[in-house]
1. Quick test for you: out of 283, 304, pick the one residue that is surrounded by 17 or more Cβ atoms within 10 Å (Cβ to Cβ) and aliphatic (A, V, I, L, M).
2. Do any residues in the stretch 97-109 that are of a type in the set (S, T, N, Q) have Cβ atoms under 7 Å from those of residues that are surrounded by 17 or more Cβ atoms within 10 Å (Cβ to Cβ) and assigned to a loop (DSSP other than H, G, I, E, B), where the two are at least six apart or on different chains, and which pairs are they?
3. Can you tell me which residues in the stretch 149-159 are open to solvent by less than 40 Å² (accessible area, probe 1.4 Å) and part of a helix (DSSP H, G or I)?
4. Just to verify a result, which residue in the stretch 160-197, among those that are among the basic types (Lys, Arg) and within 21 Å of the chain's Cα centre (by Cα), is surrounded by the fewest Cβ atoms within 10 Å (Cβ to Cβ)?
5. Give the stretch 243-280 a look and list any residue that's aliphatic (A, V, I, L, M), assigned to a helix (DSSP H, G or I), open to solvent by 40 Å² or more (accessible area, probe 1.4 Å) and under 20 Å from residue 160 (Cα atoms), or say none.
6. Select from the stretch 4-26 the residues that are touching a residue at least 40 places away in the same chain (Cβ under 8 Å) and open to solvent by 20 Å² or more (accessible area, probe 1.4 Å) and list them in ascending order.
7. Please list, ordered by first then second residue, the pairs with beta carbon atoms under 7 Å, 6 or more apart or interchain, first in the stretch 150-161 and of a type in the set (S, T, N, Q), second assigned to a helix (DSSP H, G or I) and surrounded by 12 or more Cβ atoms within 10 Å (Cβ to Cβ).
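The values are calculated or read from the model by the stated rules, or taken from the named source; none is laboratory data. Computed from a prediction, not measured in an experiment: that's the story for all the values here. When we count neighbours, we look across all protein chains shown, and the Cβ atoms used for this are built from the backbone with ideal geometry, even at glycine. Please note that ligands, DNA and RNA were not included when accessible areas were found on the heavy atoms of the full protein model with its side chains. Shrake-Rupley method; radii C 1.70, N 1.55, O 1.52, S 1.80 Å.
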Amino acid sequence: MKLKAMYSFLNTDLNIVEKELETAIHSNYPLLSEASLHLLQAGGKRIRPVFVLLAGKFGNYNIERIKHVAVALELIHMSSLVHDDVIDDAELRRGKETIKAKWSNRFAMYTGDYIFARSLELMTQFHQPLIHQILANTLVEVCRGEIEQISDKYRFDQNVRCYLRRIKRKTALLIAVSCQLGALAAEAPKEIHERLYMFGYYVGMSFQIIDDILDFISTEEQLGKPAGSDLLQGNITLPVFFAMEDENVKARIMQITPETSPDEMKEIILLIKQTGAIEKSYAVSDRYLQKALAILKRLPKNKARNTFYNIAKYIGKRKF
């Protein structure tokens with residue numbers, strides 16, 4: 001079953017969210033609107049809005065209320081992508097020119113800031129202090145994760161613990177709070193929104209590990225960027241850590257610089273695949289996934305729980 005088919009019963013509400021996203025990024029300054037819309041129209045899985053809506057089904061679901069959380073969290077994610085592309089000097093995002101490539105680094109940074117500011121504006125719809133505390137704490141951690149990633153570039157002596165902490169902050173936490181804030185906006189009980197947070201955290205960890213695996217095994221067409229881009233940019237991911245257990249492979253990996261040629265990268269990617277690093281990384285991802293599924297069993301039975309289950313299983317097996 002395709003991912004979108006799993007949550008097709010949400011299509012009407014997701015269309016509302018999509019329209020709200022377009023409205024949210026509109027600016028009286030045409031170029032700013034154009035740049036923001038450029039990223040929005042590049043697509044994306046919209047995992048965070050989907051999780052917000054599904055989590056809302058565990059409480060008093062009201063799309064006119066919960067849509068603000070769904071849109072805000074997707075905008076936060078979008079703004080981080082714009083900033084990431086500047087930091088990584090990326091030319092492509094989802095197969096399209098990045099904002100920084102089409103316009104400039106400076107313009108991209110302020111576009112990212114604008115999108116982020118619009119997300120915070122949307123969250124003023126809520127007068128629950130806990131929602132704002134959770135979101136603020138998460139954003140602090142996300143920023144720490146981004147700084148760590150910059151600091152850790154080409155640092156081949158770091159350990160797996162550094163990596164796991166980094167992906168927790170960069171990816172898993174925003175997915176976790178998508179579940180928690182969706183439930184909170186629907187006034188779900190404390191035990192429910194806390195369990196949904198843990199479910200989202202474990203799914204988010206699995207999701208990012210799979211993303212890092214796909215960077216080595218997917219095609220450029222599937223990724224929307226060249227295979228091995230993360231490693232070329234100095235980002236040490238889980239498959240690389242496992243591959244570096246082989247000293248000969250580690251020596252080759254440590255020679256990588258931004259100037260490493262595509263042919264050299266192909267050779268190194270092949271070496272990484274031959275070490276069994278991909279299989280070991282899948283195993284770690286699956287451990288997080290099993291923890292997520294265990295959390296689901298402790299949630300009330302409903303259509304949303306079944307959908308969360310199907311999406312989690314899909315994430316563990318996805319190919320792009």
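1. 304
2. Taking only residues 6 or more apart or on different chains, the pairs are 98/90.
3. Scanning the stretch 149-159 gives a single hit, 149.
4. 161
5. Start the filter on the stretch 243-280 by keeping residues that are aliphatic (A, V, I, L, M), which leaves 243-244, 249, 251, 253-254, 256, 265, 268-272, 277-278.
Applying the additional criterion that residues be assigned to a helix (DSSP H, G or I) yields 243, 249, 251, 253, 265, 268-272, 277-278.
This time we only want the ones that are open to solvent by 40 Å² or more (accessible area, probe 1.4 Å), so: 251, 270-271.
Residues satisfying the conditions are 251, 271.
6. Filtering the stretch 4-26 for residues touching a residue at least 40 places away in the same chain (Cβ under 8 Å) gives 6-7, 9-10, 13, 16-17, 20-21, 24-25.
Passing the criteria: 6, 9, 13, 16, 20.
7. Between residues of the stretch 150-161 that are of a type in the set (S, T, N, Q) and residues that are assigned to a helix (DSSP H, G or I) and surrounded by 12 or more Cβ atoms within 10 Å (Cβ to Cβ), there is no close pair.
Results for (1) touching a Gly at 6+ places or on another chain (Cβ under 8 Å); (2) closer than 30 Å to residue 298 by Cα, shown as yes or no for each residue.
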site: 163; (1), (2): no, yes
site: 175; (1), (2): yes, yes
site: 198; (1), (2): no, yes
site: 207; (1), (2): no, yes
site: 217; (1), (2): no, no
site: 236; (1), (2): no, no
site: 241; (1), (2): no, no
site: 254; (1), (2): no, no
